[in-house]
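Let me begin by presenting the structure, written as structure tokens, before commenting on it.
The values are calculated or read from the model by the stated rules, or taken from the named source; none is laboratory data. The structure presented is a predicted model; accordingly, all values stated were derived computationally and were not measured. Don't worry about glycine lacking a Cβ; one is built from the backbone with ideal geometry, like all the others, and counts go over all protein chains shown. Please note that ligands, DNA and RNA were not included when accessible areas were found on the heavy atoms of the full protein model with its side chains. Shrake-Rupley method; radii C 1.70, N 1.55, O 1.52, S 1.80 Å.
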Amino acid sequence: MMIESGTAPDASTAGYLIRALCRDGEPTVAYHVLRDVSRKRIIPDVVSITQLISAFSKCGNFGRVSEILHLMIASGSQPDLFTYQEIINALCDGAGRTAMVDEAFRIFNDLKLKGYACDVVTYTTMIDGLCKSGRMEEALLLWSEMVANGIQPNNYTYNAIINGYCKSGNIDHARKLYDEMLSKGFKESTVSSNIMLAGLCLHGRLADAINLFAEMPNKGIHRDVITYNTLIQCLCKEGKTSDAIELYSSMLATSIRPSISTYTPLIMVLCEEGRMTDAMELIKILEAQGLEPLVCTNDFIISGFCRVGNAEKGMAWLSRMLQSNLKPRAETMDRLVECLCSLGQVDCALQVVKKMFDISYILGSSVCHLLISKLCGVDSYQVCELLNEIVLVES
DNA sequence: ATAGGGTTAG
């Protein structure tokens with residue numbers, strides 16, 4: 001309407017639109033606004049373009065990020081520390097999966113060379129990224145460099161490094177840093193407690209973990225869904241299933257709502273113990289709360305039904321999975337074939353095998369042997385050995 | 001005229 005009425009949009013018009021579109025999760029539309037106005041030599045403010053860069057960084061579209069940076073610089077506008085902070089943060093994100101920490105580190109070091117004054121947030125982001133990819137030595141070097149530059153670590157920085165120590169197995173160093181953090185006047189928080197809790201759990205120090213959990217309210221630290229999930233997962237891992245379920249029950253008595261990560265370890269351990277009725281009860285509960293089981297939970301359930309010899313239920317869940325376009329793990333299919341064979345339901349087993357072929361899985365050799373044995377009524381290992389011998393003799 | 005950054009489980 002504005003353009004049709006003959007009023008030319010300016011940089012502010014574009015800036016408003018770009019920020020609003022980014023906020024509403026429409027970065028591609030925002031990008032087209034930027035392209036449109038830049039053709040008329042109109043360049044929105046750095047804040048708006050930074051939001052756009054942030055949106056594309058977060059979804060991993062670094063090609064587009066680089067393009068916008070070039071457009072920005074070519075039109076005489078300079079990205080600032082916030083702009084690069086968003087890119088570095090996104091490159092560090094991904095929990096080791098898609099983390100491009102090397103690239104983040106390159107940009108970070110480049111920033112210093114270009115004369116940008118990195119601050120506590122930039123340093124902390126980079127330290128956290130290095131810690132998360134297991135590069136503790138470099139993270140500690142950066143910490144020293146930061147302090148040498150007159151920037152004091154804050155509670156975020158401490159949490160990043162404490163988390164790094166916890167994850168890399170040095171729980172005693174983590175503890176030392178924790179005490180140092182407290183001595184500098186930074187307060188314990190839900191986040192710092194959750195980090196230590198996860199560290200203790202990771203190293204099997206269940207008694208210490210339970211103690212920390214118990215002490216949180218005494219110290220005035222609020223427990224959140226992550227606190228509960230971390231301890232529930234730990235109890236499940238340590239075989240304390242009834243304690244895990246008890247903790248889950250006590251969680252329901254609080255105002256904290258369980259998440260899918262509350263249920264996943266509980267259902268997994270119930271399936272492993274063959275407690276399929278209890279597992280299915282939890283599935284019903286989580287679905288009633290509008291949650292959806294993870295793909296791996298479906299695998300646990302099928303394997304669990306196989307474990308208790310209920311191939312029929314296992315088959316039903318497999319169908320449910322395939323109908324939802326979820327891909328079961330190959331081992332899950334193997335378990336089901338094995339279970340059906342042991343029940344003498346070779347035809348059903350072959351149906352599963354057909355479904356495996358449909359999703360382009362290859363039969364494992366042990367399942368192959370099992371099927372051949374069932375179909376031929378002979379021990380296929382012996383047949384194979386015989387065949388091998390024949391091949392040897394002939395060659 | 002308006003407005004931007006970092007943490008914990010999975």
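Does A:Thr277 satisfy being surrounded by 21 or more Cβ atoms within 10 Å (Cβ to Cβ) and modelled with pLDDT of 95 or more?
In short, no.
Scanning the stretch A:329-364 for residues that are among the hydroxyl-bearing types (Ser, Thr, Tyr) and open to solvent by 30 Å² or more (accessible area, probe 1.4 Å) yields A:Ser342, A:Ser360, A:Tyr361. Remark: A:Leu202 matches the filter, which requires a residue to be within 9 Å of DNA strand B (Cβ to nearest atom) and surrounded by fewer than 21 Cβ atoms within 10 Å (Cβ to Cβ).
So, in the stretch A:7-18, how many residues would count as being out of contact with any Phe, Trp or Tyr (no Cβ under 9 Å at 6 or more places or on another chain), β-branched (Val, Ile, Thr) and surrounded by 13 or more Cβ atoms within 10 Å (Cβ to Cβ)?
1
Checking A:Leu177, A:Leu235 one by one, the residue that is in a helix (DSSP H, G or I), among the aliphatic types (A, V, I, L, M), open to solvent by 20 Å² or more (accessible area, probe 1.4 Å) and within 16 Å of DNA strand B (Cβ to nearest atom) is A:Leu177 and no other. Scanning the stretch A:176-196 turns up no residue that is within 21 Å of A:Glu287 (Cα to Cα) and either in contact (Cβ under 8 Å) with a residue 40 or more places away in the chain or not aliphatic (A, V, I, L, M) (or both). Restricted to the stretch A:281-395, the set of helices (runs of 4 or more DSSP H) holding at least 2 residues that are modelled with pLDDT under 95 comprises A:311-323, A:330-342, A:346-358, A:365-376, A:380-394.
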